[in-house]
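Visitor: Following this message is one structure expressed as structure tokens.
The values are calculated or read from the model by the stated rules, or taken from the named source; none is laboratory data. On a predicted model such as this, the values are computed, not experimentally measured, just so you know. Cβ sites come from the backbone with ideal geometry, for glycine too, and all protein chains shown count toward neighbours.
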Amino acid sequence: MTTPASLPDIDYAGVAPVLIILGAACIGVLLEAFVPRSQRWAVQVVLSLLAIVVAAIALGAYLYTGPQNTSTFAGSIALDRPALFLWGTLLALGLGSILLIADRVVEPGGAFVAQAGIRPGTMLDKEQANRSSMQTEVFPLALFSLAGMMIFCSANDLLSMFVALEVLSLPLYLMCGLARRRRLLSQEAAVKYFLLGAFASAFFLYGVALLYGYANSVKLADIANAAGGTNRSDALLFLGMGLLLIGLLFKGSVGPFHTWTPDVYQGAPTPMTAFMGACTKVAAFGAILRVLMVAFGSTHWEWQTIMWVVAGISMLLGAILGITQTDVKRMIAYSSVAHAGFLLVGVLALDGSGIRATLFYLISYGFTTIAAFGVVSLVRDGTGESTSLSSWAGLGKRSPLLAGIFTFLLLALAGIPLTSGFVSKFVVFAAGMSAGITPLVVLGLIASTIAAFFYLRVIVLMYFSEPAADGPTVTLPGMYTTAAITLGTLVTLLLGVYPSFMLDWAGTGGFVV
Amino acid sequence: MTVSVYEEIAFWILGPLSLAGALGMLFSRSAVHSALWLVLTMLSLGVLYMVQDAPFLGIVQIIVYTGAIMMLFLFVLMLAGRESSDSVVEVLRGQRIWASLLGIGLAGLVVAGVARSLGDVTPAGLDNPAANGSGGPGNVANIGQSLFTRYLFPFELTSALLITAAIGAMVLAYTRKQAKGGKNRQREMVNMRFRENTRPGALPGPGVFATADSVATPALLPDGSIAKESLSRIIETTPVTQIEEDEALADRHPDAHALTGAARDGDDGASIVASPASEERSE
Amino acid sequence: MSIAASETVQQASGTMSLAWLLFALPAFGALVLLLGGRRTNSWGHILGVLTVVAAFAVGLVLFFTSLGAPPDQRTLNLHLFDWIDVGSLQVEFGMRLDPLSMVFVLLITGVGALIHIYSIGYMDDDRDRRRFFGYLNLFVFSMLILVLGNSFITLYLGWEGVGLASYLLIGWYSDRRSAATASKKAFLMNRVGDVGLAIAIFLLWANLGSTQYTEVFARAGQLSPGTATAIALLLLLGACGKSGQFPLQAWLPDAMEGPTPVSALIHAATMVTAGVYLVARSNPIFDLTETGRLVVTLIGAFTLLLGCIVGCAYDDIKKVLAYSTVSQIGYMMLGVGLGPFGYALGIIHLLAHGFFKAGLFLGAGSIMHAMNDEVDMRKFGGLWRKLPITFVTFGLGYLALIGFPFLSGYYTKDAIIEAAFGAGGWRGWVFGLAGAIGAALTAFYMTRLMLMTFFGKSRWKELRSADDREFHPHEAKPVMWVPMVLLAIGSLGAGAFFVLGDRVVNYLSPTLGRLSTAESHPIPELLITIGTLVLAAIGVLVAWLIFGRAKDIPAQRPENVSGIVRAARKDLYGNALNEALIARPGIWLDRFLVWLDNKGVDGLVNGTAALFGGSSGRLRRLQTGFVRSYALSMLAGGVILIGALLMVRYA
């Protein structure tokens, strides 16, 4: 009667990076159960870093043997060049984030709470704030999230994409609420992110359902075929696409779906903010790029104008709202909204140069963000990080090196030449120009000028203001944070001065169908 | 597309029911009622699935959603306190109006879009005899086939989701017991109570019906003195001076029925001292 | 149409391939000084000077090598590395060594070296002198990248770099609030211009597929007239921002908050002339569009008058010089706006101006150095006795600027005014007269400056400086006055050297095309020269009548009238005719323009900022912190998105 199910072909070498990260996460969970508490931190750090390095080696080996530009797991996972590039990006940025998470010097015991179960504000909580341990489950959670991101941007059907979306989001919701200081703010951020994330996921899922109804398949390629090949009413297609996009744009914090970004960025522990700012952006835009190009590329005449408007709104919202922010983390959050708009310009070019530009933008922006948040975590006062802009006044006098690095990173975010920010904006806008999105490019240039204002404001504050008497101090970073900041800054510089090799890597191929 | 009469009857009963359930969930004030309304919706949906030749899905819907998840919901609600519900006063101007308008708008868009596209679609249907019908492998086998071939990866990936959820619950709820100053477990509580040799038993109730109607009335010991432990610490309406006066009164006029006829040794002060036991009770 | 610049570009070889040293040297200096920290404090300034002097030497070698080559082989391309090299996206990092860039290299490194040397003395008592030199080197590096780059992208790179260095240096005295404001203003107004430049570059990219000069200029003819005009106007917007031209001129006077050597180097001699360079460099594009050139000339003419008139109003010696710079750049813009008739003239005036204006600023710095950093000219007076060297060098710069016969300005400015008269029709009259009137006004305000500073009563004797010290003016050390003397020699002879025998014009012709001359002038050339001279003489005379004959000039601005000052003022404006005919309308015009400058332009800037800030504040209120309100905004976005998708499909 029943035919025995035959497993689909699996290209183990190809998906090895993902499997390694997932496996390491599971091992990490087991270690939590068996390793004595005092050794867990060290073991988890080693495991996480090792997993990322091994995954990167596996990726390198696969790339070396010549990838086939195929998909595996019955077409669920694409192994094309953009996916592999994004994996590399995510692994590199994940490494930086894990380094930030692992630091226990800047904040004694780490940025994460020792025991999340203790109610904030109680005597116990005050006591544990000074204890030098942390909730080491953060490491496997981060790895799960990282794996989810990798799958998210290589998923070739909407069902895998949805599960990956949840796999990447759920640990993030959790980790957002685990800050050691200002725990109520952190928990509030987590709940907000969770509720809004669930809201967005619901849209996404509804979209998937409608698209299945339209194409009788959740595969991106089938949707494209259905859109191209039939004369049935495509109300379902566009309805489903709209709902799907809400979920995706939410993750990429593209305005007007960005509202969670500032609150969550501010409340989350700073290493987590860095992780979200860098990696989630990569994953989300990887997925947006794939969905728009593979599934909806054939119908782009119908929707591209609307997406231009979305990109424009995002740029302007981010740039304008950033002006009045008084908190560094919120400011970078709004800047990320503006950057999401710039990224969409590259996506909307909808051609090879657009893919290349977007991928390059993602990696350069990710490294800059990680380094920037690394710096943010170093400026502290008695109650923890001092993210209020007014307390950054005169930092240039107190700590010239740190202020210099932060200035450089801000200039990169503003897109000043010789930083990766300039090259990435240039390639993205160039791709947009050659695809004929001139108005959007002009708007982008104007928005980046407005945005330059609030980066500049921080620089002015740091150099041209007198430091406040009881202002924050700059903590000497430990090995891990130093490594993360150095990595981010050097890549920002390298990609600004010699971007060709990265652009080459980013542009070697399109999506597999 | 042909719809049999029975299917139509089922739909016209279940459809309004599920809609009513959903609306009821939204508008009922008590969280428990909301949960129960939701059960109605899910049950109706489960039956609808079955009517549409998806018995497995229908059963899963009922077992997992109605049976497991909703019951968990109810447990949590009961644990958290049936009465603890958020304030329903809306402080944001225009929030409700806009939310209603936009909600209706979205529903309108979706309904319009779906309605538009329904006309010229040939349903794939699940009653394909070769697949699901009596001749084919059947509903369950087909789902299994799909899960382990086409959707193998997302299916396996859900395990990551489950692990994350489990860890999350533990991280957020679990605190170490042996930590200094950490929460005590019940056995330790009992041991401590006896070791400290204060009051192993329950605290006395207040003297409500002895002399007054108020719970703020302290109980009287057999000797006529006041049992201070009988006053709940959370009742702050009783002024300390009042207790002092009462105490003084009791001291001067020993109760006729008292066994000793004398005031008890004043071993504690006028204010109520928190003993570990009374703290335990107030929690 | 001009005879198109010969576009035979050859690869650099031999000596010319050393050109990378030009910017590598200052870059090295900046790197060592900015990263070296306190260890380099003792010798940092020496290194800073040496790198620029060495770059100047390299520049000289290259210049003479290039002179030795036949004119059609003077345009060289030195490929350094492929900055962006992927598929259709080619941005080469290379240098273009042609006459135009060579003269700029000499100006930047030559004047730059002198100012570096001067700064050793001027910044002697500053704790952070090393960092100052680091920034100066950074500036020289960026400026050289700007002029030496072989594509619009490299130009943009240098463009942003000089903006950054200028921003850092304007805000040098970080304890002054005004310095921070000024640097911010400079950065922002420059960014407005930068947007124009960036859009222009992207338009070139989109239309021609390249930003290399060689490609762009070779194929500029393919641009449609509309696009060419648009590109030209956007380039002009960038030029206006960088060069302090109307309507983006307001930042330049404020930029005087920086140390005086910075004002001399960046805000007088080099960076602010980058706009003129940009227009001259893009001459094949501007040749295509009559409208574009007309707008350039209009802006040049308007700005030159505006700068002159506002210059009459200020008592701050550096601000007067700054407005003078604005106005002189107006001349240059007017020059290059005349197209083939004036590209070379604009550049020549730029070079000559670089010498005498840098000299003037260094002189002003020397005066400030002597006068406890005082900038109010009303507190000066009679300084020629105390500061003889400064007086002589400053005086030569002054004479050069007002166009005294046979000094620099006489040759270069006169040429522009003549060319302007030759523009034909109403343009000739408007631009020519604007130039001539500008010359008169220049003479007026510069004479006023000279008289108030060096002649008359020594008002400083009765006054104290802001920090309550007495003034003891003294001549500066040789390390400061030697550069001033050298620049004074430049102001003396540079113009003649450049113009006589058309030396520079011929040298530049491979880049800018042969200089055309107008067939006919509405009035004879000789008359123009004489007329301009007469106008300038009138300007001097009027200034002398007002300020020179006066026994005393109030040490306070006349608005705060005390008894003594009122008496003095009677003397000052004793001549009622003078007052009614010249002073009054002049003051009104002055006041109006100052008002326009402060309120109008600043108002526009601040208004735009307030608009953004205000809308930002309003939008910010949407960020209530309530999840349900965020969800609502998402829902709204979603409904609109889906509605729009369906509407576009079914509309």
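Visitor: Is it the case that C:SER166 is in the same structural domain as C:SER263 (by TED's automatic domain parsing) and assigned to a helix (DSSP H, G or I)?
Guide: yes
Visitor: If I ask for residues that are part of a helix (DSSP H, G or I), crowded, with 20+ Cβ neighbours inside 10 Å and not aliphatic (A, V, I, L, M), which ones from the range A:492-512 would you list?
Guide: A:THR492, A:GLY496
Visitor: Follow-up. May I ask you to verify whether A:GLN39 is among the polar types (S, T, N, Q) and in a helix (DSSP H, G or I)?
Guide: Considered against the rule, which asks whether it is among the polar types (S, T, N, Q) and in a helix (DSSP H, G or I), A:GLN39 comes out as yes.
Visitor: Mind telling me which of the residues C:VAL86, C:VAL91, C:VAL58 ends up being closer than 16 Å to C:LEU21 by Cβ and among the hydrophobic types (A, V, I, L, M, F, W, C)?
Guide: Of the residues listed, the single one that is closer than 16 Å to C:LEU21 by Cβ and among the hydrophobic types (A, V, I, L, M, F, W, C) is C:VAL58.
Visitor: Restricting to the range A:482-513, what's the tally of residues that are more than 10 Å from chain C (Cβ to nearest Cβ) and out of contact with any strand residue (DSSP E or B) (no Cβ under 6 Å at 6 or more places or on another chain)?
Guide: Summing the residues that are more than 10 Å from chain C (Cβ to nearest Cβ) and out of contact with any strand residue (DSSP E or B) (no Cβ under 6 Å at 6 or more places or on another chain) in the range A:482-513 gives 18.
Visitor: Identify, from the list C:GLY409, C:GLY363, C:GLY435, C:GLY395, the residue that is without any contact (Cβ under 8 Å) to a residue 60 or more places away in the chain and in a helix (DSSP H, G or I).
Guide: None of the other options fit; the residue is C:GLY395.
Visitor: Among the candidates A:ALA58, A:ALA74, A:ALA25, single out the residue that is within 23 Å of A:SER160 (Cα to Cα), touching a helix residue (DSSP H, G or I) at 6+ places or on another chain (Cβ under 8 Å) and crowded, with 24+ Cβ neighbours inside 10 Å.
Guide: Residue meeting the stated conditions: A:ALA25.
Visitor: Restricting the search to the range A:188-227, which residues are among the small types (Gly, Ala, Ser) and closer than 30 Å to A:ARG119 by Cα?
Guide: A:ALA189, A:ALA190, A:GLY197, A:ALA198, A:ALA200, A:SER201 - these are the residues of the range A:188-227 that are among the small types (Gly, Ala, Ser) and closer than 30 Å to A:ARG119 by Cα.
Rundown of residues vs (1) more than 22 Å from the chain's Cα centre (by Cα); (2) of a type in the set (A, V, I, L, M), yes/no style:
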| residue | (1), (2) |
| --- | --- |
| A:LEU292 | no, yes |
| A:ILE313 | no, yes |
| A:LYS329 | no, no |
| A:TYR334 | no, no |
| A:HIS339 | no, no |
| A:PHE342 | no, no |
| A:ALA349 | no, yes |
| A:GLY382 | yes, no |
| A:SER388 | yes, no |
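Visitor: Here are the criteria: (1) in contact with an Asp or Glu (Cβ under 8 Å, 6 or more places away or on another chain); (2) touching a residue at least 40 places away in the same chain (Cβ under 8 Å). Tell me which single one A:TYR463 does not satisfy.
Guide: (1)
Visitor: Restricting to the range C:169-225, give me the number of residues that are of a type outside the set (A, V, I, L, M), free of Cβ contacts under 8 Å to residues at least 60 places away in the same chain and either farther than 29 Å from C:SER263 by Cα or outside the structural domain of C:HIS116 (by TED's automatic domain parsing) (or both).
Guide: 7
Visitor: Right, something else. Of all residues in the range A:220-244 being facing another protein chain (nearest Cβ under 10 Å) and out of contact with any helix residue (DSSP H, G or I) (no Cβ under 8 Å at 6 or more places or on another chain), which is farthest from B:TYR151 (Cα to Cα)?
Guide: Looking at residues that are facing another protein chain (nearest Cβ under 10 Å) and out of contact with any helix residue (DSSP H, G or I) (no Cβ under 8 Å at 6 or more places or on another chain), I get A:ASN231.
Visitor: Might you let me know whether the range C:263-270 holds any residue that is in a loop (DSSP other than H, G, I, E, B) and either among the aliphatic types (A, V, I, L, M) or surrounded by fewer than 24 Cβ atoms within 10 Å (Cβ to Cβ) (or both)?
Guide: no
Visitor: Restrict the check to the range B:88-98 and report whether at least one residue is among the small types (Gly, Ala, Ser), surrounded by 12 or more Cβ atoms within 10 Å (Cβ to Cβ) and either touching a residue at least 12 places away in the same chain (Cβ under 8 Å) or closer than 30 Å to C:VAL627 by Cβ (or both).
Guide: Checking the range B:88-98: not a single residue is among the small types (Gly, Ala, Ser), surrounded by 12 or more Cβ atoms within 10 Å (Cβ to Cβ) and either touching a residue at least 12 places away in the same chain (Cβ under 8 Å) or closer than 30 Å to C:VAL627 by Cβ (or both).
Visitor: Continuing with the same structure: Can you tell me which condition A:MET150 does not meet? The list is (1) of a type in the set (A, V, I, L, M, F, W, C); (2) within 12 Å of another protein chain (Cβ to nearest Cβ); (3) buried (at least 24 other Cβ atoms within 10 Å of the Cβ); (4) more than 13 Å from the chain's Cα centre (by Cα), and all the others hold.
Guide: A:MET150 satisfies all of (1) of a type in the set (A, V, I, L, M, F, W, C); (2) within 12 Å of another protein chain (Cβ to nearest Cβ); (3) buried (at least 24 other Cβ atoms within 10 Å of the Cβ); (4) more than 13 Å from the chain's Cα centre (by Cα) except (4).
Visitor: Report every pair of residues separated by at least 6 positions or lying on different chains whose Cβ atoms are under 9 Å apart, first residue within the range A:359-371 and buried (at least 24 other Cβ atoms within 10 Å of the Cβ), second outside any helix (DSSP H, G or I).
Guide: Here the result reads A:LEU359/A:GLY507; A:PHE360/A:PRO499; A:PHE360/A:GLY507; A:SER364/A:THR419; A:SER364/A:PRO499; A:THR368/A:THR419, each pair linking the range A:359-371 to a residue that is outside any helix (DSSP H, G or I).
Visitor: Identify all residues within the range C:79-112 that are assigned to a strand (DSSP E or B) and surrounded by fewer than 19 Cβ atoms within 10 Å (Cβ to Cβ); write none if there are none.
Guide: Passing the criteria: C:HIS79, C:LEU80, C:PHE81, C:ASP82, C:ASP85, C:GLN90.
Visitor: Among the residues in the range A:460-481, are any of a type in the set (A, V, I, L, M, F, W, C), at negative phi and at the interface with chain C (Cβ under 8 Å from one of its Cβ atoms)?
Guide: Yes: the range A:460-481 contains one or more residues that are of a type in the set (A, V, I, L, M, F, W, C), at negative phi and at the interface with chain C (Cβ under 8 Å from one of its Cβ atoms).
Visitor: Hey, does the range C:206-215 have a residue that's farther than 23 Å from A:GLY444 by Cβ, away from every other protein chain (no Cβ under 11 Å) and of a type in the set (Val, Ile, Thr)?
Guide: Within the range C:206-215 (the criterion being farther than 23 Å from A:GLY444 by Cβ, away from every other protein chain (no Cβ under 11 Å) and of a type in the set (Val, Ile, Thr)), the answer is yes, since at least one residue qualifies.
Visitor: Just need a number here: residues in the range A:189-205 that are facing another protein chain (nearest Cβ under 9 Å), surrounded by fewer than 19 Cβ atoms within 10 Å (Cβ to Cβ) and touching a helix residue (DSSP H, G or I) at 6+ places or on another chain (Cβ under 7 Å).
Guide: Of the residues in that region, 1 qualify.
Visitor: Let me ask something else. Does the range A:427-447 contain at least one residue that is touching a Ser or Thr at 6+ places or on another chain (Cβ under 7 Å), more than 9 Å from every other protein chain (Cβ to nearest Cβ) and surrounded by fewer than 18 Cβ atoms within 10 Å (Cβ to Cβ)?
Guide: No; the residues of the range A:427-447 include none that is touching a Ser or Thr at 6+ places or on another chain (Cβ under 7 Å), more than 9 Å from every other protein chain (Cβ to nearest Cβ) and surrounded by fewer than 18 Cβ atoms within 10 Å (Cβ to Cβ).
For (1) within 14 Å of another protein chain (Cβ to nearest Cβ); (2) within 19 Å of A:LEU141 (Cα to Cα), each residue gets a yes or a no:
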position	(1), (2)
A:VAL54	no, yes
A:GLY60	no, no
A:THR65	no, no
A:ALA74	yes, no
A:ASP80	no, no
A:PHE85	yes, no
A:ALA92	no, yes
A:GLY96	no, yes
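Visitor: Follow-up question, since we're still on this one. Between A:ALA13, A:ALA61, A:ALA55, which is of a type in the set (A, V, I, L, M) and modelled with pLDDT of 95 or more?
Guide: A:ALA55
Visitor: Also, I was wondering about something else. Please list, ordered by first then second residue, the pairs with beta carbon atoms under 8 Å, 6 or more apart or interchain, first in the range B:154-169 and facing chain A (nearest Cβ under 7 Å), second surrounded by fewer than 18 Cβ atoms within 10 Å (Cβ to Cβ) and assigned to a helix (DSSP H, G or I).
Guide: B:ILE163/A:CYS26
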